[in-house]
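The values are calculated or read from the model by the stated rules, or taken from the named source; none is laboratory data. What you are looking at is a predicted structure, and each value in this text was computed from that prediction instead of being measured. Cβ sites come from the backbone with ideal geometry, for glycine too, and all protein chains shown count toward neighbours. For accessibility, only protein heavy atoms count, side chains too; no ligands or nucleic acids. Shrake-Rupley method; radii C 1.70, N 1.55, O 1.52, S 1.80 Å.
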Amino acid sequence: MENEIQEYREKIEFDVRDFKIQARSRMVNRGLIPFLATFFSVIALIILTTGVFPWEEYKNITEAVSQGNMIDIKSFPWLKYFLFLLVTFIVKPIADTPCRYLASLLCKSPEPVKFSDYGRGFSFSGKALALACWKFLWYFLWSLLGILPGMIFVIVASIIIGKTGSGSVESVSTIGTYLIFIGFSVVYAIKYYSYSQADYAIIDDERVGVLSALKISKKITKGYRFKLFYLDLTYILWAIAGLFIPVFRIFILPYYRTTKYLAYRTLLENYSNSKK
């Protein structure tokens, strides 16, 4: 993949505002297929996840919490919530990958995208699902490192309290919980953006496999993770609106994915230039 962009010589500025302007211009007169594809993706995710979500149990838990009652962990519907997360985990990469593929076409060619292009995008869905599983494994392993300081603190502090009799177990538990949450969040955020470009790598070049895509993403995102975070942050209000009014996603996601693909190409080209 890196050999395809040897003609670039200078480092390209990572300009989020420019990416968004380019994304809007590339969406003009390009047809409705990107929006229809997003519509299908959003509807499929909503229908499938809503169908398996444990609504009755969720209602009971919400009422119990609002009344100040304790939740019985043993009776918690773990299996149903796991099924909900599993369906979401499987459906999302399969449904979203064709939409990302259309975003790449919008950036590569001035021609309107066709419905057949949307269909071809599903050829990458199997690889995208495998990539999601591979990333999840690494997220889990790295998260263990993130929660380790908090766990060590709780163990050491508990031993000290047990031997000296001074201190509060509740305070230790509270501080340890905060440390575990912060550690997990920081490590997850770093690794999330390190692996974030792998989804675009597999659709940008059919020769790129799951393992290679993750390696490419880790290499090209070095020094750019905060900028990628800032790019996502500029869409945060739309993301929040989309949670409450799903129709917003249909209109904003094609622009967002096109913006992300432009950012990916810039990262890839800059990495290639740095190796010359």
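Do we have Ile94 as touching a Gly at 6+ places or on another chain (Cβ under 9 Å) and of a type outside the set (Phe, Trp, Tyr) here? Here the answer is yes, as Ile94 does meet what is asked. Candidates in the range 225-251 are the residues that are more than 16 Å from the chain's Cα centre (by Cα) and in contact (Cβ under 8 Å) with a residue 12 or more places away in the chain; of these, the one that is least open to solvent (accessible area, probe 1.4 Å) is Ile250.
Here Val208 meets the list (1) open to solvent by 70 Å² or more (accessible area, probe 1.4 Å); (2) touching a residue at least 24 places away in the same chain (Cβ under 8 Å); (3) in a loop (DSSP other than H, G, I, E, B) almost entirely, failing just condition (1).
Among the residues of the range 152-196, the ones that are open to solvent by 70 Å² or more (accessible area, probe 1.4 Å) and in contact with a Lys or Arg (Cβ under 7 Å, 6 or more places away or on another chain) come to 1 in all.
If you go through the range 86-129, how many residues are within 18 Å of the chain's Cα centre (by Cα), closer than 15 Å to Met27 by Cβ and basic (Lys, Arg)? Result for the range 86-129: 1.
Among the residues of the range 126-172, those identified as free of Cβ contacts under 8 Å to residues at least 40 places away in the same chain, small (Gly, Ala, Ser) and in contact with a helix residue (DSSP H, G or I) (Cβ under 7 Å, 6 or more places away or on another chain) are Gly150, Ala157, Ser158, Gly167.
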